[in-house]
Every structure is written in C-alpha cells, then in structure tokens.
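Let me begin by presenting the structure, written as structure tokens, before commenting on it.
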Amino acid sequence: MPANCTEALGFWTIGIQYLHLVQAVSNETHQQGNTHVVVSDDNICVNEYQEQTKWSDHNLVIPLLFNFYHGLETILKGFRVAKGVTGHPTHKLTGLLTEFKTNYPRSELIPLFEKYIIQANLPTILAHFCTTSCITMDDYYQALKYPISTSGQEYHHHPLKYRESEGAAFFSELRDAIADIRSKTVTLGRSICPSVCS
C-alpha cells in the first residue's frame, strides 16, 4: 500500500472523528431547541440553569465550530497527502480548498466545503460573525480559540450565540452537511486508496 495513502487515512480518520463530535452535538442542540431562556414560577439556581441550557449555542458554539473547522482542515490535508502534494500546508482553509479543487475538480465535496469556507457562501450566522470580527474563516484557528488576535484585535463571538430557533436551524443544517461530508469523504478516499480504505 502506498505510504501517502496510509498517511492520508490517518488524516481522514481524525478529521471524521472531529466531525462526528460536531454532528452529535449539533443534533442534540437542534433536538433540545437551542434554548437559553428558562421560565419558571420558582427561583432557578445556577446549576439548574446550566443543566437546562447545557446544549444551547451560548455554551458550546465556539468550541464546536473550532472542532468543525479543524475537522475540515484535517480532511482537506488528507486529500492533499493522498495526492502526494509536498510542502508544508497551513491552516488557511481557502488555500487547502483551492488545492483540493485543482486535484479533485469533479468531487461532490467541493460545494459542501465551499458553503462553510468561502465568505460569500457562508450561512448567515457565520457570515455575521466574520463581518463583525473583520475576518474570514481562514482565521478560524485563532478566532475560535481566543477572545483576541495576536495583534490585539477583538473577536466578536456574540453573533454566534443566543440564536434560539435560527441557531437550532443552523445546527440542523450543520448536522446534515456533516453527514454528507463524512459519507463523501469515505467514498472519495476509497476511490483513491482502495487497499487502505476498505
């Protein structure tokens, strides 16, 4: 089996595991209704509030999106390795996507990746986050890990949080997109490296 296929499988496996986590949490957030307001006739303590809103976007959207984008990056790097591309890749998703489109121009994964990487295609919640923070998703590696950039620029995470029904719909769409990405990644991987990905 070619060494680059073995290495690529390692990238694909880890990337899919990150996406599996995001898919499972997105599903639960959608099913729970993404509620961040709790109404009760009794006083609610902090622990009760946390329990009733533990699946809400205000508690998990930032690390969840970091895992999602890291999963995409890792999968894209796996396809790069499978093609035998040399040189040190970066965290820049647009660059990895451009390379992927060059190497796999007819892949069904392209529109799925473009929807979450290309600025003009982003879902409204992500587009608003990028606009208010003056970033692109290429900056995810910093913008979804820290409150400020290395140069001191503040990231505005509020557009990602407290989205209620809009957020629940976003998580439902993300869950479904991940299912598609995972399936198509396996299909393409098997076509490139059949002896490794069987």
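Some observations on this one:
- Helices (runs of 4 or more DSSP H) contained in the range 1-104 and holding at least 2 residues over 20 Å from His157 (Cα atoms), touching a helix residue (DSSP H, G or I) at 6+ places or on another chain (Cβ under 9 Å) and not hydroxyl-bearing (Ser, Thr, Tyr): 3-32, 57-82, 93-103
- Which listed residue is over 28 Å from Pro147 (Cβ atoms), without any contact (Cβ under 8 Å) to a residue 24 or more places away in the chain and of a type in the set (A, V, I, L, M), from Val85, Val81, Val46: Val85
- Matching residues in the range 11-36 - criterion: being surrounded by fewer than 20 Cβ atoms within 10 Å (Cβ to Cβ), closer than 19 Å to Gly78 by Cα and either modelled with pLDDT under 95 or among the aromatic types (Phe, Trp, Tyr) (or both): none
- Helices (runs of 4 or more DSSP H) wholly inside the range 123-198 containing at least 3 residues that are out of contact with any Ser or Thr (no Cβ under 7 Å at 6 or more places or on another chain): 124-133, 164-192
- Yes/no for Phe129 being without any contact (Cβ under 8 Å) to a residue 40 or more places away in the chain and either among the β-branched types (Val, Ile, Thr) or crowded, with 17+ Cβ neighbours inside 10 Å (or both): yes
- Single unsatisfied condition, Glu108 versus (1) at pLDDT 95 or above; (2) over 22 Å from Leu96 (Cβ atoms): (2)
- Being buried (at least 20 other Cβ atoms within 10 Å of the Cβ) and in a helix (DSSP H, G or I) is a property that does not hold for Ile110.
- When Pro89 is tested against the conditions (1) under 30 Å from Ile192 (Cβ atoms); (2) in contact with a Leu (Cβ under 8 Å, 6 or more places away or on another chain); (3) at pLDDT 95 or above; (4) surrounded by fewer than 20 Cβ atoms within 10 Å (Cβ to Cβ), the lone failure is (3).
The values are calculated or read from the model by the stated rules, or taken from the named source; none is laboratory data. If you're wondering where the values come from, they're calculated on a predicted model, not measured in any experiment. For neighbour counting, all protein chains shown are included, and Cβ atoms are generated from backbone atoms with ideal geometry for every residue, glycine included.
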